[in-house]
Amino acid sequence: MNEEQKKMAVRIAVTAVITIAASVVPDSVYGGSRLLHLIPYLIAYIIIAHDVFYEALHNIMRGQVFDEKFLMAFASLGAFGLGVMKDAEYTEAIAVVLFYQVGELFEDYAVDKSRRNISELMDIRPDYANIERGGKIVKVNPDDVAVGTTIIVQPGEKIPIDGVVLDGNSSLNTVALTGESLPRDVAAGSEVISGCINMTGVLKIKTTKEFGESTVTKILELVEDASSRKSESEHFISKFARYYTPIVCFSALALAVIPPLVRMGIMGLAPEWSNWFYRALIFLVISCPCALVLCVPLTFFAGIGGAGRQGILIKGSNFMETLANARYVIMDKTGTLTKGVFEVTGVHHSKISNEKLLEYAALAESASSHPISKSLQKAHGRELDRSRVTDVQEKSGRGVIAKVDGHTVAAGNDKLMSELGIACIPCHQVGTLVHMAIDGEYAGHILISDVVKDTSREAVKEMQDNGIDCVMLTGDGRKTAEDTAKRLGITKVFSELLPEDKVAKVEEVIKFRRGKEKVLFVGDGINDAPVLSVADVGVAMGAMGSDAAIEAADVVLMDDDPLKIDKAIRISKKCMTIVKENIVFAIGIKVICLVLGALGLANIWLAIFADTGVLILAVLNAMRALFVANV
């Protein structure tokens, strides 16, 4: 509890003790004086209710007459007045405010709990950056660090600014950003983003962005803006409360005035003003809309915080509501379902050892910076001795011919082999082939492919099991696209698409959706920004460090795990279920109790339950939205 909550808890405890003590002390102690007996109740009432009256008056002066403070102040004051007029106890009047304050305290604590979870996510903000001056490490404001500056991050410190590792090896804790508990190893040449915690070695990092443009700043801005984007449910509740409170206030007034007048003027009976006034007060207490007004935004707040802890940043409750109605998930291929990097996935028909063939290929291609060459060098896995390579001939669009250890090595496509008059063996697998010839004889081929992510197949299956149609879009050729889709279990695939073609495909799906069905587009956020903004919800994945993703997407997945797509949908569905439960529960209980109150079948204690009890139960239910790790 914070200081304010502790003070409120003390006020509640003191009020309860005074009220209980006053109720058990007999009138004889006060010499039979009702006035003297009133004094301890009055003290307890002032202690617990003074801020409610202050806020009610303050709101009235601002033109906000009909709110829950007004209802509580008026109802408790009326009950107190009835206690004086009817020579009754004052306990009920105090109980109305006492339990109201208990409910408020409970709600404040729940909101703080949600905020603490958000704050844990926000704790990624670095306080300083280390730079070296005159042989000493100096801490400076990250805002003052220019692009291209070398910063030093020691073990246990947060990386303050995005950059590239110049020197050092370490493991990074990225859990606050991605929800991934496994550390990420980095070395010289690795790109790193701000917000990660350096766990082991000292790192020298050359900054590639200013602090204001770094990942950590973008994320914090995104989270801070999330609460300002309201869902349809929240807008409905806001409008509902605007009309609801005046209606119940005038209904209570009618209940206090009309029946006595009817009894007196038409039926010729005693008006029983105090009885009907008491019913009206009960009506007011029951009608307080606290649970409804507070628990809907609290549920979304908790849901966004819970999703954030899983590395899923949802920009607002409106997007959470849309995610829950997802019916079609359209995914980009490269970088979304595949790793987006070329890797050697096979060595076939080699007449020498696979390792030796890869070594010859890597050496022959060692002078090239082409992605294919890099994938060959990576697959070789060892440092290359370029002195072994001579007479390198680049064959544009075909490959390379070079002397390696005195052997003539040709590495390239079938056109190069045809040019050299060497028959090559085709491959039954889909991918890019590097045919190899050594000293004029075919030596086998190396298959290079864009590798499907480990979890892509499982992610597609999970979504399909949950009734979601999965569609894949790609600019790749038909054969490659269909092969990837087949391996992933996706039946709807569109290939050879330009960015504008992808927009047209998404718009086509949106056009034919039915009812509340929503269309998601998932991309890597860099090349897919136009499509991300067209879909009902744009989801950017693998987006760490991508400004375009954070700007264009409505939901950002902090790692590139496709399983997070379905998880985001399931979190949103859980959140929406809780919202509906709270709306039905709060309105249902209140309607029943209002009818009972109007009929004279409810006392003040039932009214307190209908107000504070429902509020506490709804808050407890809302807090379930925080716990989404196993959703």
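Is it the case that the stretch 365-377 has a residue that's among the charged types (D, E, K, R), assigned to a helix (DSSP H, G or I), modelled with pLDDT of 85 or more and at negative phi?
Within the stretch 365-377, not a single residue is among the charged types (D, E, K, R), assigned to a helix (DSSP H, G or I), modelled with pLDDT of 85 or more and at negative phi.
One line per residue, one yes/no per condition, for (1) of a type in the set (A, V, I, L, M, F, W, C); (2) under 41 Å from the mean Cα position of the chain (by Cα); (3) crowded, with 20+ Cβ neighbours inside 10 Å; (4) modelled with pLDDT under 80:
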position: Ser251; (1), (2), (3), (4): no, no, no, no
position: Pro260; (1), (2), (3), (4): no, no, no, no
position: Gly268; (1), (2), (3), (4): no, no, no, no
position: Val285; (1), (2), (3), (4): yes, yes, yes, yes
position: Ile304; (1), (2), (3), (4): yes, yes, yes, no
position: Ile312; (1), (2), (3), (4): yes, yes, yes, no
position: Ala324; (1), (2), (3), (4): yes, yes, yes, no
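In this entry, Ala56 is excluded by the filter for residues that are part of a helix (DSSP H, G or I), within 39 Å of the chain's Cα centre (by Cα), buried (at least 18 other Cβ atoms within 10 Å of the Cβ) and modelled with pLDDT under 75. May I ask you to verify whether Asp450 is under 30 Å from Lys403 (Cα atoms), in contact (Cβ under 8 Å) with a residue 24 or more places away in the chain, in contact with a Phe, Trp or Tyr (Cβ under 7 Å, 6 or more places away or on another chain) and open to solvent by less than 50 Å² (accessible area, probe 1.4 Å)? Against the criterion (under 30 Å from Lys403 (Cα atoms), in contact (Cβ under 8 Å) with a residue 24 or more places away in the chain, in contact with a Phe, Trp or Tyr (Cβ under 7 Å, 6 or more places away or on another chain) and open to solvent by less than 50 Å² (accessible area, probe 1.4 Å)), Asp450 qualifies.
If the condition is being open to solvent by 90 Å² or more (accessible area, probe 1.4 Å) and not charged (D, E, K, R), then the stretch 500-521 contributes only Phe512. Here Val556 passes the criteria (1) among the hydrophobic types (A, V, I, L, M, F, W, C); (2) in a helix (DSSP H, G or I); (3) closer than 22 Å to Ser533 by Cα except the one numbered (2).
Restricting Lys339, Lys351, Lys378, Lys374 to residues that are over 45 Å from the mean Cα position of the chain (by Cα), surrounded by fewer than 20 Cβ atoms within 10 Å (Cβ to Cβ) and either touching a residue at least 24 places away in the same chain (Cβ under 8 Å) or more than 30 Å from Ala535 (Cα to Cα) (or both) narrows the list to Lys351. Of the helices (runs of 4 or more DSSP H) lying entirely inside the stretch 271-360, those containing at least 3 residues that are of a type outside the set (S, T, N, Q) and farther than 30 Å from Cys249 by Cβ are 290-309, 317-324. Within the stretch 453-490, the set of residues being open to solvent by 80 Å² or more (accessible area, probe 1.4 Å) and either farther than 30 Å from Lys516 by Cβ or in contact (Cβ under 8 Å) with a residue 12 or more places away in the chain (or both) comprises Asp454, Arg457, Glu458, Lys461, Arg478, Lys479, Glu482, Lys486, Arg487.
The values are calculated or read from the model by the stated rules, or taken from the named source; none is laboratory data. Computed from a predicted model, the values in this text were never measured in an experiment. Glycine also receives a Cβ, built like all others from the backbone with ideal geometry; neighbour counts cover every protein chain displayed. Just the protein is used for accessible areas: all its heavy atoms, side chains included, with ligands, DNA and RNA removed. Shrake-Rupley method; radii C 1.70, N 1.55, O 1.52, S 1.80 Å.
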